Amino acid sequence: MLNEDIEEQDGYHYDFTTASEWEIFIARLEEIIHEWKVTHVPLKSNLKHCQLFTSSWENQQESLSFADVDFTLTRYYAKIEEEEEPTNSLLDNDSEAAKLQPLEDMMSMENDFIPIVFEGNRSHPHLLTRWYGLRDFIVLTPAQGVVVTSESKIKILLSSVCIAVNNTNCSVPVFIQVLEPWQNFFFGICEAKGVRAEYEMVHLRRVPPHCKHLTGLLNVFKSKVGTTKLAESVAVSARLCYVLRDWTSFAWMQEPPDLEFLMGEVGVGELGTLPFGATFDPVSELVLYASWYGLRESVVVDSESYSDLDPSQAPEWSVAIKMADKPVCLLSEYLSEFMHLCSSNRSMADLLGDLLQHQQPGPTLTSSLNVLTESRVPTISKVLGQAKGTFVRDKTREGPISDDLLMPLLYFLFPDADENVRSPYPEYLTNFLIKDSKPNQEMFAGMKTAPVDSLVWRLAVVMSHATHTLGGVKAAAHLWFEFCQELRFRWERAIPIPG
């Protein structure tokens, strides 16, 4: 019987030396902290004005998991060059043992407000730097898609961080991000040299009435300190923000060229340019900041009934603008549509079936002999009639681009076919190729572009106009079809191609 009892006890034996998942998570935190060498960080020189926002920031990342949830541990630190002979009181041997770098950085008033040039840039630096004025800190963030909202889970994470910080003597603040990511809600702790600081936040839907003025905020601050009578007066920095929205509600009068009037007042020269600029004001908001720095609470009054913080008397004004998220810009629209056109896989038969369905037999002997008596540079009407070769348009079925709009485009591409040449190609294009042609040809062999105002350059411009203004991809296919027909006509008759 005794042997049976012993065997039964051995069957239910539990090994208490096995590390739990929680202990493994804490051990992993301690390992990363040691790898980053953030234990016993020495005191550094005082922060200068706006130094946290003008310095370059770097980060280190490590992945870890706990309770089937992936986390990312990230260290953010500013690259601040230390002075050769610091005159900082922080570095005195007598006071070094009683001071922490994070707490001294928080007490500095040199980085109370973010400079105006970085106001719209939320990624440089981290929001915790803006709120607490820290130059070095660690953040534990759950994986994307995971939201930590349970109070018990938040306490477990805080306990884990607290144990790891104490075991490693980490003097850098460690934060955990909880709740929804858009709320930017953090809890943190910093503990070293017998001093402990807890970073807590409160997220309210509305601002309490007593927190809308300085007097109420001072009362909240003193209640958190634990006394209403302090040995020294409180130093206050204040900034008032005024935002002007919807200050330009009208559209800008800037439209692409109207091709219907190219033969009249506007002139064919309009085809040589692409529109540039926004169709409405890209500035969505105008922001004015009125700032006061280092005021004593005894010299300023700001209550519900009276305020000394008159923006017209502020020692510093700064103005910022906020741009529209996606302003409608003409040039970007033209280029984006042109890039989509370049990647299109639709065939000419799909786009221009009506124009390509009727074929005509090849030219007869009589028509071939007539070519010898014609001018070397025919008119555009002859080009349009004879260049079809094996393709003929049905007059009852007009293409995407009407003849009235197609003619100015072809005249712009082939100005020598127009009796009244209004947009000739620049002479330097021809002269540059003829003079000393061999070196030029060797140089052009490696080029991946076209000269300004050349044939390829003009074709890209008018193709952009056709795609954006005249009917999209079908209009571009129609223009390309007519362009190729003209090139085929000139090739068969040995007529030089201009531009």
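When you check GLU30 against the structure, is it closer than 18 Å to HIS126 by Cα, at pLDDT 85 or above and in contact with a helix residue (DSSP H, G or I) (Cβ under 8 Å, 6 or more places away or on another chain), yes or no?
no
For region 269-289, enumerate the residues that are outside any loop (DSSP other than H, G, I, E, B) and in contact with a Ser or Thr (Cβ under 8 Å, 6 or more places away or on another chain).
Scanning region 269-289 gives GLY269, LEU271, GLY272, PHE280, VAL283, LEU288, TYR289.
Residue by residue through region 59-80, note down the ones that are in contact with a strand residue (DSSP E or B) (Cβ under 6 Å, 6 or more places away or on another chain) and of a type in the set (D, E, K, R).
Scanning region 59-80 gives GLU62, ARG75, LYS79.
When only residues in region 273-294 that are under 25 Å from ALA314 (Cα atoms) and modelled with pLDDT under 85 count, which is surrounded by the most Cβ atoms within 10 Å (Cβ to Cβ)?
GLU285
Hey, can you tell me all the residues within region 169-201 that are among the aliphatic types (A, V, I, L, M) and under 30 Å from the mean Cα position of the chain (by Cα)?
VAL174, ILE176, VAL178, LEU179, MET201
Of the residues that make up region 443-455, is at least one modelled with pLDDT under 70, open to solvent by 80 Å² or more (accessible area, probe 1.4 Å) and assigned to a helix (DSSP H, G or I)?
Scanning region 443-455, I find at least one residue that is modelled with pLDDT under 70, open to solvent by 80 Å² or more (accessible area, probe 1.4 Å) and assigned to a helix (DSSP H, G or I), so the answer is yes.
Kindly indicate whether any position in region 291-309 is polar (S, T, N, Q) and in contact with an Asp or Glu (Cβ under 8 Å, 6 or more places away or on another chain).
yes
Which numbered condition in (1) crowded, with 17+ Cβ neighbours inside 10 Å; (2) more than 30 Å from MET109 (Cα to Cα); (3) over 36 Å from the mean Cα position of the chain (by Cα) is the only one that TRP22 fails?
(1)
When region 295-313 is examined, which residues are found to be surrounded by 17 or more Cβ atoms within 10 Å (Cβ to Cβ) and among the hydrophobic types (A, V, I, L, M, F, W, C)?
LEU295, LEU309
Of all residues in region 135-149, which are open to solvent by 40 Å² or more (accessible area, probe 1.4 Å) and more than 24 Å from the chain's Cα centre (by Cα)?
VAL146, VAL147, THR149
The values are calculated or read from the model by the stated rules, or taken from the named source; none is laboratory data. Treat the numbers as computed from the prediction; the structure is a model and nothing was measured. Positions of Cβ are generated from backbone atoms using ideal geometry, with glycine treated the same way; all protein chains shown enter the neighbour counts. SASA here: full protein model, heavy atoms, side chains in, ligands and nucleic acids out. Shrake-Rupley method; radii C 1.70, N 1.55, O 1.52, S 1.80 Å.
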